[in-house]
Ligand SMILES: Cc1cc2nc3c(=O)[nH]c(=O)nc-3n(C[C@H](O)[C@H](O)[C@H](O)COP(=O)(O)OP(=O)(O)OC[C@H]3O[C@@H](n4cnc5c(N)ncnc54)[C@H](O)[C@@H]3O)c2cc1C
């Protein structure tokens, strides 16, 4: 057994792990990054990037279909799954190459192999042992399923759905959260009959209910079917189809079933408990500074409880590297982290929903304003409907910003600044937004909340 010593050893090279490694090396630390598959992790190889490439291809298909509406004569002949795959894989390959180059240029030692934590806090990879003054756990997450629902054949997780080389005629999506809604949107644009099955009463149930209802209306118009509020019971498959039965006895049959019911932490059989790491339903318990409670052992990304988002992983990785280096980065609570669902239309939010604000502060202390994108010139031009909703404390700061519509994900940064800086709408209202942009819709909401609506009553 050979022992290798570093300032920092990072287990898992996804968004959280590689961000920690990059920042630590920038701060002069020697770093080993242990990854069993490919640096970049879920987000780059199986998550954010390939799904957004698919969504872009889907958007192009919709534009071609709608071209006559803007006076362009075009016909959508067909979707070429191999062509879409080449485009998607090309984007991932390019980003992967760039990331590998960056990791190398920063002098980080990448170790290919499966790591396991030892009780002395070192990490074993095969016959080698990696010892760090600090160790960062960042092993990420996997696609969950439900009891009795076995993945395989026509029953897919997002990983298999991504690499599906056919466009299904009919597809069922179990789970109306971010991943389910994004795949539903893509498949519908590619011409499939899509049905989403969600046990909770709304699609994107973690969003403000006005956004969920708006998305449901938009999906209905797009011909995306959904069943809400009834739980899955069983799924059976044969050579040609899969049938899902709900608890109320209703059945749905399609070519494939995507199971998108959430992601669990990759923390089993890693030696964590033996090393003294506390787990809560499989997630690593951490304090606000991302310490596990075991001296010198930190955890970042999807294995920690909270929002499972790549940019949260980046932020946590950076913060841990800085803390190890003796700096004092600020903690970013989940409520200040922007969330985007990249379907058509998109849903984007930061801060709290109106309902949560009312629960926390009382109905009399909360003011919410909704601005319909029908009043926004740029949205009209690009052909999207939607909604901007801003929630504030009466005479106080902005608590939440919620957006619905094509391309609105790009606007959420402004909402994030408003929420995190505890801006009052009166502070933002004088900062007039460029015309014509979709950001004006957000400006209109701030103007209205400041008592001086421009293009609204
Ligand atoms: C379909 C899909 C779409 C998504 N879209 C978005 C999006 O648009 N925006 C967004 O912000 N988030 C998105 N996410 C979520 C995002 O991918 C995750 O939040 C992010 O990847 C978490 O980063 P992480 O570093 O915690 O874990 P991961 O990215 O999962 O990385 C963990 C790494 O650890 C490695 N590993 C695990 N165990 C070991 C071991 N024992 N030894 C060595 N290596 C190990 C794994 O191989 C993996 O590379 C999406 C996820 C999916 C599935």
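The values are calculated or read from the model by the stated rules, or taken from the named source; none is laboratory data. Only a predicted model underlies this, so the values are computations on that prediction, with no experimental measurement involved. Every residue, glycine among them, receives a Cβ derived from its backbone with ideal geometry; neighbour counts consider all protein chains shown.
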From the options 128, 134, residue that is within 14 Å of the ligand (Cβ to nearest atom), in the same structural domain as residue 37 (by TED's automatic domain parsing) and touching a strand residue (DSSP E or B) at 6+ places or on another chain (Cβ under 6 Å): 128
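For the range 275-289: of the residues being surrounded by 17 or more Cβ atoms within 10 Å (Cβ to Cβ) and away from the ligand (no atom under 12 Å from the Cβ), which is nearest to residue 340 (Cα to Cα)?
So in the range 275-289, the residues surrounded by 17 or more Cβ atoms within 10 Å (Cβ to Cβ) come out as 275, 277, 283-284, 286.
From what's left, away from the ligand (no atom under 12 Å from the Cβ): 275, 277, 286.
Details: 275: 36, 277: 32, 286: 25 Å.
Applying the filter and picking the extreme gives 286.
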Subset of the range 251-266 that is more than 20 Å from the chain's Cα centre (by Cα) and either within 16 Å of residue 124 (Cα to Cα) or buried (at least 21 other Cβ atoms within 10 Å of the Cβ) (or both) - its residue that is farthest from the ligand (Cβ to nearest atom): 254
Selection status of residue 115, crowded, with 20+ Cβ neighbours inside 10 Å, closer than 12 Å to residue 35 by Cβ and out of contact with any strand residue (DSSP E or B) (no Cβ under 6 Å at 6 or more places or on another chain): no
Hits in the range 143-157 - residues which are surrounded by fewer than 21 Cβ atoms within 10 Å (Cβ to Cβ) and either touching a helix residue (DSSP H, G or I) at 6+ places or on another chain (Cβ under 7 Å) or without any contact (Cβ under 8 Å) to a residue 40 or more places away in the chain (or both): 147, 150, 152
Of the criteria (1) under 30 Å from residue 64 (Cα atoms); (2) surrounded by fewer than 21 Cβ atoms within 10 Å (Cβ to Cβ), which one residue 424 fails: (1)
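Taking the options 180, 191, 175, name whichever one is under 25 Å from residue 66 (Cβ atoms) and crowded, with 20+ Cβ neighbours inside 10 Å. Explain how you work it out, then say what you get.
On the way: 191 fails: crowded, with 20+ Cβ neighbours inside 10 Å; 175 fails: under 25 Å from residue 66 (Cβ atoms).
Step by step, each of 180, 191, 175 is checked, and only 180 is under 25 Å from residue 66 (Cβ atoms) and crowded, with 20+ Cβ neighbours inside 10 Å.
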Filter pass, residue 264 being part of a helix (DSSP H, G or I) and either in contact (Cβ under 8 Å) with a residue 12 or more places away in the chain or in contact with a helix residue (DSSP H, G or I) (Cβ under 7 Å, 6 or more places away or on another chain) (or both): no
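For the range 443-457, enumerate the residues that are without any contact (Cβ under 8 Å) to a residue 60 or more places away in the chain and within 28 Å of the chain's Cα centre (by Cα).
443, 446
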Test: residue 136 is closer than 23 Å to residue 21 by Cα, in a strand (DSSP E or B) and touching a helix residue (DSSP H, G or I) at 6+ places or on another chain (Cβ under 9 Å): yes
So residue 456, is it more than 29 Å from residue 332 (Cβ to Cβ) and at pLDDT below 95: yes
Residue that is nearest to the ligand (Cβ to nearest atom), among those in the range 292-314 that are surrounded by fewer than 21 Cβ atoms within 10 Å (Cβ to Cβ) and over 24 Å from the mean Cα position of the chain (by Cα): 294
Selected residue [touching a strand residue (DSSP E or B) at 6+ places or on another chain (Cβ under 8 Å) and in the same structural domain as residue 362 (by TED's automatic domain parsing)] from 434, 445: 445
Helices (runs of 4 or more DSSP H) contained in the range 1-120 and holding at least 1 residues more than 9 Å from the ligand (Cβ to nearest atom): 15-26, 48-65, 81-105
Every residue from the range 404-446 that is in a helix (DSSP H, G or I) and closer than 17 Å to residue 374 by Cβ: 408, 411, 439, 440, 441, 442, 443, 444, 445
